[in-house]
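The values are calculated or read from the model by the stated rules, or taken from the named source; none is laboratory data. Since the model is a prediction, treat every value here as computed from it, not as a measurement. Cβ: placed from backbone, ideal geometry, glycine included. Neighbour counts: every protein chain shown. When the accessible area is computed, the model is the full protein with side chains, heavy atoms only, and any ligands, DNA or RNA have been set aside. Shrake-Rupley method; radii C 1.70, N 1.55, O 1.52, S 1.80 Å.
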Amino acid sequence: MEALGSVTTSFVKSCRKVFRSLPSDEFLSRNREASTTIMLFDELHFLMGATNTLSRRTLAVARPWAAPLTVASPYRQASSSAFPREAKNDSSKERVVVLGSGWAGYAVARSLNKNKTSRVLISPRSHFVFTPLLASTAVGTLEFRAAIESVRRLGLDQFHQAWASDIDFNRKTIRLEANLNPDAGSRTAAPLQKGPEFEVQYDKLVLAVGCYSQTFGIEGVKEHACFLRDVGDARNIRLNILQAFERASLPTTTDEQRRKLLHFAVVGGGPTGIEFAAELHDLVHEDIEKLYPGLGDFVSITIYDIAPKVLPMFDQNLASYATDRFSRQGIKVRTEHHIQRIRREGDILLLNIKEEEQEVGAGIVVWSTGLMQNPLVSHLTEKPIDGIGQLAKDPKTGSLITDGHMRVQVRNSSGTNEVLPDVFAIGDCAKVEGTSLPATAQVASQQATYLAKRMNKGDIEDGPEFNFRNLGSMAYLGSWRAIHQSSADELKGWPAWVLWRTAYLTKSMSIRNKLLIPVYWFVTWVFGRDISRF
């Protein structure tokens, strides 16, 4: 076998001498034929069981025109870390790593110039969620696929479905844990399976990790309430709604149990809670009452909020219109009510409310009371950075403080803020110093567009600072009615509903969803919502 290897090696060397003696034009014309011949001898050598590694290396040197037959491992062991590190590609392009696939992360990764930057996206979920339409998917008005966009369709250089557990700003490395858990992208409480850990390097880092649902530490919320921040949450809510009606329709269920099972409690009077209550009202009165005759009289929807009024971002006139509209539709609004505990008793959830004498029974509790800071941000702001200082954070929200160019600020030993090189923060996890912007998709999207534009132009330091343009607020109220408020005008009723649907349709990211959404709206209008359980 070794003799055959020697023969093969001699043949390759002879070929090389012959081709080197040829004129350059003739050498190039025979390049492909020589490469193919040598590769065939290499394969023959392998099939006959030759194990002479020296001859293999000689072959690799002797055939400079042939493509390499070995593939390097995508990870290598870091010399200064116990975790495998992703091999950094040799490229003249700057490597920009984006953490998060929400409104901010997805938009900045989508807008970066792929000819100038190597785009790497890291997120525990492999899709972007168009959150304003989640309430519609939860009740079957739209299908789930119409509210998501796959991040892999962005044509990224790399994507890792993982959580970031730590960042070493001195070494410019991120420690990641692979996400092996389906539907665990943004749930506040989910049983997590630990995945393998590895590291990724960056030249520039964009933190867009968003926030989690705020529970205020209330007993039973994580265990029993439903949240509405991801497609998995919407799917869970739809299934629970249909299960509640199936249980209520059983002949063994008493009327008292039916009233509790078909009581849907929504905690939080912001746009998410209001729109879900409105969509649920449409589902019940347009579809459920026809398919479950006799159960309509037992259905009730109640919105609980600790504030004096719902929809605090709207003026009093529009907020009062929303409350009156809900009252006429049979949706109860309970302001200045405090949930103290949620517990389960069989198929029914019992809410302990400070203002109520007895526990209130409900089949489902949808929790939408605001945001709490991402654990990664909390971890990063608590640990010092060697030789630099400590990440500056907002004392109220815990968000990362940035300057007007979205650069993360560090508080040094003298107590003043300075820029952390090559690190940026946008979206809900960031707060621009000296401003009080709301934690909304509108702000996150505009920050992402601004930062990507500055990176593409290469004028982050010299370019203009970020300036938020408020395009207004909208909320759906059910029965083809909505409210809209902006600096230019105010709308309510059916015209606002037309604007609401038009705005969300045009803001959808892909042409695919721009086509799917009106199709699903039309199908729902003609044939009703799909209430199949699967």
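Mind checking which residues of the stretch 389-424 are without any contact (Cβ under 8 Å) to a residue 12 or more places away in the chain and not in a strand (DSSP E or B)?
Across the stretch 389-424, the qualifying residues are Pro395, Lys396, Ser414, Gly415, Thr416.
Check Gly268, Gly294, Gly273 and return the single one that is more than 15 Å from Ser479 (Cβ to Cβ), at pLDDT below 95 and of a type outside the set (A, V, I, L, M, F, W, C).
Working: Gly268 fails: at pLDDT below 95; Gly273 fails: at pLDDT below 95.
Of Gly268, Gly294, Gly273, the one residue that is more than 15 Å from Ser479 (Cβ to Cβ), at pLDDT below 95 and of a type outside the set (A, V, I, L, M, F, W, C) is Gly294.
With the stretch 280-369 as the region, which strands (runs of 3 or more DSSP E) entirely inside it contain at least 3 residues that are touching a helix residue (DSSP H, G or I) at 6+ places or on another chain (Cβ under 8 Å), open to solvent by less than 20 Å² (accessible area, probe 1.4 Å) and in contact (Cβ under 8 Å) with a residue 40 or more places away in the chain?
The qualifying strands (runs of 3 or more DSSP E) are 364-367.
Can you tell me which residues in the stretch 132-179 are small (Gly, Ala, Ser) and within 24 Å of Val377 (Cβ to Cβ)?
Keep residues of the stretch 132-179 that are small (Gly, Ala, Ser), which gives 135-136, 138, 140, 146-147, 150, 155, 162, 164-165, 178.
Residues satisfying the conditions are Ala162, Ala164, Ser165, Ala178.
Can you pull out every residue in the stretch 108-134 that is open to solvent by 10 Å² or more (accessible area, probe 1.4 Å) and either acidic (Asp, Glu) or in a helix (DSSP H, G or I) (or both)?
Of everything in the stretch 108-134, those that are open to solvent by 10 Å² or more (accessible area, probe 1.4 Å) and either acidic (Asp, Glu) or in a helix (DSSP H, G or I) (or both) turn out to be Arg110, Ser111, Thr131, Pro132.
Any residue in the stretch 128-145 that's farther than 13 Å from Ile237 by Cα: show its pairings with residues that are open to solvent by 10 Å² or more (accessible area, probe 1.4 Å) and among the polar types (S, T, N, Q) at Cβ separation under 7 Å, as long as the two are six or more apart or on different chains.
So the pair list comes out as Thr141/Thr524.
Could you list all residues from the stretch 238-265 that are open to solvent by less than 10 Å² (accessible area, probe 1.4 Å) and either touching a Phe, Trp or Tyr at 6+ places or on another chain (Cβ under 6 Å) or hydroxyl-bearing (Ser, Thr, Tyr) (or both)?
Residues satisfying the conditions are Phe245, Leu262.
When you scan the stretch 154-169, do you find a residue that is part of a helix (DSSP H, G or I), open to solvent by less than 40 Å² (accessible area, probe 1.4 Å) and of a type outside the set (S, T, N, Q), even just one? Give the derivation first.
Of the stretch 154-169, the ones part of a helix (DSSP H, G or I) are 154.
With the extra rule that they be open to solvent by less than 40 Å² (accessible area, probe 1.4 Å), the set shrinks to 154.
Next cut, of a type outside the set (S, T, N, Q) only: 154.
Scanning the stretch 154-169 turns up at least one residue that is part of a helix (DSSP H, G or I), open to solvent by less than 40 Å² (accessible area, probe 1.4 Å) and of a type outside the set (S, T, N, Q).
Among the residues of the stretch 492-534, what is the count of those that are in contact with a helix residue (DSSP H, G or I) (Cβ under 6 Å, 6 or more places away or on another chain) and farther than 22 Å from Ala138 by Cβ?
Adding up the residues that qualify gives 1.
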